[in-house]
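Notes follow once the structure below has been shown.
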Amino acid sequence: MSDTVLSVHDLSAGYAGAEVIRNISITVGTGEVVALFGPNGAGKTTTLRVISGIIRPTRGTVSFAGADLAKQSPTLRARAGIAHVPEGRGIFYGLTVAEHFRLGYRGEHIDPAVVYEYFPALEPLQDRRAGLLSGGEQQMLAVGRALGRRPKLLLMDELSLGLAPLLVERLLPVVRTYAQESGCAVLLVEQHVQLATEIADRCYVLSHGDIVLHETGERLLRDPSLLVASYVGQHAPDSGKAIAGSGA
Ligand SMILES: Nc1ncnc2c1ncn2[C@@H]1O[C@H](COP(=O)(O)OP(=O)(O)OP(=O)(O)O)[C@@H](O)[C@H]1O
Ligand SMILES: [Mg+2]
């Protein structure tokens, strides 16, 4: 397996004293795309928030490139190379496309050349306000802005929210190519399970705060019933055992 970039170990977290994720372990290696699936309210967004430092865990560790992040603020994590594309895109409707790249995230430089390399459709739209872009273009902007920071770890929350499947089919392979070419580790939360499985090296399913399935994308494509069973609450007893060094 590739070098581990992200290692989430035995992590629990929640809100106002109520735990919503419990003892979960997830790893993502260099250049690897890992998908995190699960029904609404399973704790997927919460998991990404703990990794980027927005909320603190009640137990367990998050390590990035071998270093424990416990004492690092979200800003320091971002500077160290963790980019988080949140649910709802996180773009500014009143700013143009180009202005988004001049507005460094937490003081960081964003390289527009990288953005336009991976999303050439954005280049002719440089002077258009984000609020006037289509949903697909807005999503490209949100992801492009993260790629332009040349992250080492990219966390993406429901990239496809509100997008037609055809657009998701175009966006996800760009993320795959980026990971491959840059070595960036990608942790992707996605409701379009089939499309995400096609580009993912490994997949985890979270249900009510627990990891109930961990498999390679390849295996899940061969045997989609595993995924279905995990969603309806039938745990696969052998799940993940064949994945060496997975940490789950
Ligand atoms: N800020 C918050 N305060 C209190 N509870 C919250 C907060 N954010 C999320 N929750 C609760 O935590 C649980 C997990 O939420 P989370 O957003 O992590 O789920 P999710 O898997 O991302 O769901 P979805 O697929 O709907 O985005 C839910 O029960 C949710 O209501
Ligand atoms: Mg969510």
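Rounded to the nearest 5, what is the percent of antiparallel bridges among the DSSP beta bridges in the chain?
Just about 55 percent of them are antiparallel.
For segment 4-231, what does the accessible surface come to per residue with a 1.4 Å probe? Please give it in Å².
Working: 9580 Å² over 228 residues.
Result: 42 Å² per residue.
Specify the inter-centroid distance of segment 125-201 and segment 53-68, based on alpha-carbon positions, in whole Å.
Here the answer is 24 Å between Cα centres.
Can you list residues whose amide H is under 5 Å from Leu213's amide H, if they're 5+ apart or on another chain and H is modeled 1.01 Å from N?
Amide H to amide H, under 5 Å and 5 or more residues apart or across chains, Leu213 pairs with Val205.
Compute the orientation-averaged projected area for the chain from the convex hull of its Cα atoms and round it to one decimal in nm².
If I average the Cα hull's projected area over directions, I get 12.6 nm².
Charges only on Cβ, +1 for Lys and Arg, -1 for Asp and Glu: so what's the dipole of the chain about the Cα centre, in debye to the nearest 20?
Working: 23 positive and 25 negative charges, 141 e Å.
The calculated dipole for the chain is roughly 680 debye.
Counting helices only, and only those DSSP H runs with n ≥ 4, report the 222 nm mean residue ellipticity of the chain as the sum of -39,500 (n - 2.57) divided by its residues, in deg cm²/dmol to the nearest 500.
Numbers: 9 runs with 80 residues, N = 248.
Using -39500 (n - 2.57) per qualifying helix, the result is -9000 deg cm²/dmol.
Restricting to Cα pairs below 8 Å that are 6+ residues apart, what does the relative contact order work out to for segment 4-231? Please round to a whole percent.
Relative contact order of segment 4-231: 27 percent.
Rank these by accessible area, largest first, 1.4 Å probe: His109, His9.
Ranking His109, His9 by accessible area, largest first, yields His109, His9.
Of Leu163, Ser134, Val114, whose Cα points farthest to the positive end of the dipole of segment 92-179 (charges on the beta-carbon: +1 Lys, Arg; -1 Asp, Glu; origin at the Cα centre)?
Value: Val114.
The values are calculated or read from the model by the stated rules, or taken from the named source; none is laboratory data. Remember, predicted model here, so these are calculated numbers, not experimental data. Cβ atoms come from the backbone with ideal geometry, glycine included; neighbour counts cover every protein chain shown. These accessible areas exclude ligands, DNA and RNA; they are computed on the full protein's heavy atoms, side chains included. Shrake-Rupley method; radii C 1.70, N 1.55, O 1.52, S 1.80 Å.
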